[in-house]
Amino acid sequence: MIDKDDFGPITRNRRRATITSAKTETVKLRNGATAAASDLKSGPKARESLTKNLQLNEDSKQKCDRYDKMSCHKLQESMLSSASSFKNYRGILNWCVVMLVLSNARLFLENLLRYGILVDPIQVVSLFLKDPYSWPAACLVIVSNVFILVALYTERKLAMGSISEKVGLLTYIFNLTIILCFPMVVVLMLPSITPVGGAFALGVYTILFLKLYSYKDVNRWCRERTQVKARSLSRSLSCPSSPSASSAMQSHVSYPGNLSLRDMYYFVFAPTLCYELNFPRSESIRMGFLLRRLFEMLLLTELLVGLTQQWMVPIIRSSMKPLQEMDFSRMTERLLRLAVPNHLIWLIFFYWFFHSSMNFVAELLRFGDREFYRDWWNSETITYFWQNWNIPVHKWCLRHFYKPLLRRGAGKLLSQSAVFFASAFFHEYLVSIPLRMFRLWAFMGMMAQLPLAWFVARFLRGNYGNAAVWLSLIIGQPIAVLMYVHDYYVTHCQDGPMIAEAL
């Protein structure tokens with residue numbers, strides 16, 4: 001029999017090795033200090049097993065690292081796929097800009113080689129004046145002060161209770177009707193007014209019509225709210241006239257203190273169509289901002305004139321024969337040729353008018369509300385475009401036309417159609433009367449926006465809707481331009497070779 005004490009050293013060595021290896025595996029090795037301490041306490045066999053385990057772990061890690069380095073695939077989507085989260089297309093945008101510049105540079109060089117330099121600043125003056133000693137359009141604009149004074153006088157009488165609300169309403173109806181009819185008759189009956197001069201005068205009268213309509217509504221709302229028949233007039237604080245009146249920004253004028261010449265003419269020149277008793281005012285005039293806007297106005301005016309004379313006029317001249325012969329293939333080619341310069345000129349005009357000019361006037365008058373446009377270029381529907389590209393007109397239509405129709409019980413569709421109808425009327429008013437012909441192209445183009453808006457909102461979404469909006473702007477406007485130019489040429493220029501040459 002073997003005594004159990006003979007197995008004592010072996011059993012103790014095995015137990016000690018097992019405990020040592022277990023401790024060594026659970027303890028984290030930091031800078032080799034723990035490993036060295038455990039090696040001192042363990043036996044030679046444990047040290048050998050530990051060394052083998054460490055070598056196996058290192059070999060497996062190296063194999064994994066080699067595998068990771070050898071692997072070149074992982075689960076991912078293509079960058080141009082809709083499922084990809086990639087959104088940085090700045091390089092593609094820069095490429096589009098470069099291609100646009102190069103293509104238009106080629107067209108510009110081709111235009112110079114074919115037609116030479118056609119820019120003539122003196123010819124621009126003849127668009128406004130036939131006789132340098134006769135300024136009928138300017139005189140027509142000066143006469144508009146009569147209607148301004150009539151509106152102010154009517155409001156003063158209504159505030160003092162000298163006339164009834166019904167008499168005041170009839171006076172306003174007569175005054176506003178004459179504002180639209182008087183310049184129309186003068187432009188049609190006076191041959192010395194050029195189409196451009198007539199369009200400018202009619203534009204001024206149209207703006208005045210919208211402003212005085214808003215002036216009438218706001219003052220009527222004030223009378224209905226206060227129910228006070230004021231007998232005296234206080235000076236309007238909404239248009240301070242002296243440096244000491246800088247505290248007027250913290251003051252508010254109340255009805256009828258707004259019925260003064262200063263307040264009226266401040267509203268007439270302010271870049272808004274909606275009247276308020278207290279407009280938001282900026283603290284001071286920023287001369288740097290004002291000079292930058294003035295520089296933009298002058299520069300862009302020259303650019304508009306140059307692009308029109310050098311690029312658009314030759315294309316329009318070459319389009320007359322295909323239009324007369326009804327050659328549809330050549331008409332389409334001329335239309336596409338005209339689309340690019342026409343759209344570029346329209347974009348420049350938008351920036352010139354809604355940003356440079358209106359900000360210049362607003363800064364000069366310290367008018368605080370500078371939201372003259374919103375992000376119409378992101379429009380995904382036709383309706384969104386018309387609501388955001390001309391904010392002063394949109395606010396007027398919403399405040400004085402659309403919401404009153406809703407309050408009277410009209411539906412949304414009927415009210416929207418009425419707004420488009422009024423817009424179509426004024427577009428035709430500003431085009432047909434200066435040209436002295438009535439073809440209704442502008443009217444039909446605006447009314448066609450209704451079914452187009454329904455189609456885009458119903459069937460096109462996202463980028464497709466935005467592309468449809470841009471396509472309607474790029475193609476729709478040149479069609480109207482060609483129609484009016486062709487009709488004007490047929491009506492006025494066929495029997496006059498000198499006029500045709502000027503065209």
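The values are calculated or read from the model by the stated rules, or taken from the named source; none is laboratory data. If you're wondering where the values come from, they're calculated on a predicted model, not measured in any experiment. Methodologically, a virtual Cβ is constructed for each residue, glycine included, from the backbone with ideal geometry; neighbour enumeration extends over all protein chains shown. Ligands, DNA and RNA are stripped out before the accessible areas are found, and what is left, the full protein with its side chains, is counted by its heavy atoms. Shrake-Rupley method; radii C 1.70, N 1.55, O 1.52, S 1.80 Å.
Full extension of the chain between L299 and K74 yields a length gain of 75.5 nm, computed as 0.36 nm times the residue separation minus the alpha carbon distance.
Calculate what fraction, in whole %, of the accessible area of the range 265-320 sits on carbon and sulfur atoms when a 1.4 Å probe is rolled over the protein chains. With neighbouring chains kept in place, the figure for the range 265-320 is 70 percent.
Available extension along the chain between I479 and R90 is 136.7 nm, counting 0.36 nm per residue and deducting the alpha carbon span.
May I ask for the net charge around K403, where only other residues with Cβ less than 14 Å from the Cβ of K403 are counted and Lys, Arg are +1 while Asp, Glu are -1?
Net of charged neighbours comes to +4.
Relative to the current alpha-carbon distance between L169 and C181, full extension at 0.36 nm per residue lengthens the span by 2.5 nm. Please give the Cα centre distance for the range 397-461 versus the range 320-386, rounded to the nearest Å. For the range 397-461 versus the range 320-386, the Cα centre distance is 18 Å. For the set K166/K211; K157/K211; K157/K403; K87/K395; K157/K395, the pairs lying more than 26 angstrom apart at their alpha carbons are K157/K403; K87/K395; K157/K395.
Net charge of the neighbourhood of Y172, taken over other residues with C-beta under 15 Å away and scored Lys/Arg +1, Asp/Glu -1, is +4.
Using a simple spin-label model with pseudo-atoms 7 Å out from Cα toward Cβ, L398 and F289 lie 2.2 nm apart.
A 1.4 Å probe over all protein chains sorts K321, K157 by accessible area into K321, K157, starting with the largest.
The GluC sites (Glu not before Pro) found in the range 304-402 that occupy coil by DSSP, while having at most 14 further C-beta atoms within 10 Å, are E371.
Backbone amide hydrogens, once placed in the peptide plane, bring F367 within less than 5 Å of S282, excluding anything fewer than 5 places away on its chain.
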